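Okay, so here's the structure we're looking at.
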Amino acid sequence: MFRLPKDIPRATLAGAVICITISGTLFGASQKSQHQYQQKVQEQRALEPTIDERIDGLRGMRENLLAKKELVEKQLQNLEIRIAERTQNQPNEPKKEPPHGR
């Protein structure tokens, strides 16, 4: 019968232990990274505003923009009135051209 040397079973056992250790380490690392990813997602969800908060924020921004729009419209009306007054006060004066100096 064929006999194996004594070192072969020891090497096989050592190789098996190394394989088990490496695979266990990789499995544990993947579990840890999945857990960290899930924690990160939960933290981001906790920090995100709810839909109601978003709606309230957008309504506030809308009110602010409407107020600005009214202000700009009033300024435009005032400007148009001033332009109309100037044209009524000076209808026949020739327009002055800027000098062509260098």
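In this calculation the C-beta distance from residue 25 to residue 50 is compared with R0 = 35 Å, giving a FRET efficiency of 0.30. If R0 is 25 Å, the Cβ-Cβ spacing of residue 61 and residue 82 corresponds to a FRET efficiency of close to 0.20.
Quote the Stokes-Einstein diffusion coefficient, in whole µm² s⁻¹, for segment 50-89, based on the Kirkwood radius over alpha carbon pairs, a temperature of 4 °C and a viscosity of 1.567 mPa s. Kindly include the intermediate steps, with their values, before the conclusion.
Values: Rh = 12.3 Å.
D, rounded to a whole number, is 106 µm²/s.
Pick from 82, 45, 59 the residue whose mean-square fluctuation is largest in a GNM of the chain, springs joining Cα atoms under 10 Å. Highest fluctuation of the listed residues: 82.
Remind me, what semi-axes does the chain give for its equivalent ellipsoid, largest first in whole Å, using sqrt of 5 times each Cα gyration tensor eigenvalue?
86, 25, 6
On C-alpha positions alone, give me the angle between the axis of helix 51-89 and the longest principal axis of the chain, in degrees, nearest 10. That helix lies at roughly 20 degrees to the long axis. Net charge of the neighbourhood of residue 64, taken over other residues with C-beta under 14 Å away and scored Lys/Arg +1, Asp/Glu -1, is +1.
The numbers here are math on the coordinates, done by the rules we state, and not lab data. Given the structure is predicted, the values throughout are model-derived calculations rather than measurements. Cβ: placed from backbone, ideal geometry, glycine included. Neighbour counts: every protein chain shown.
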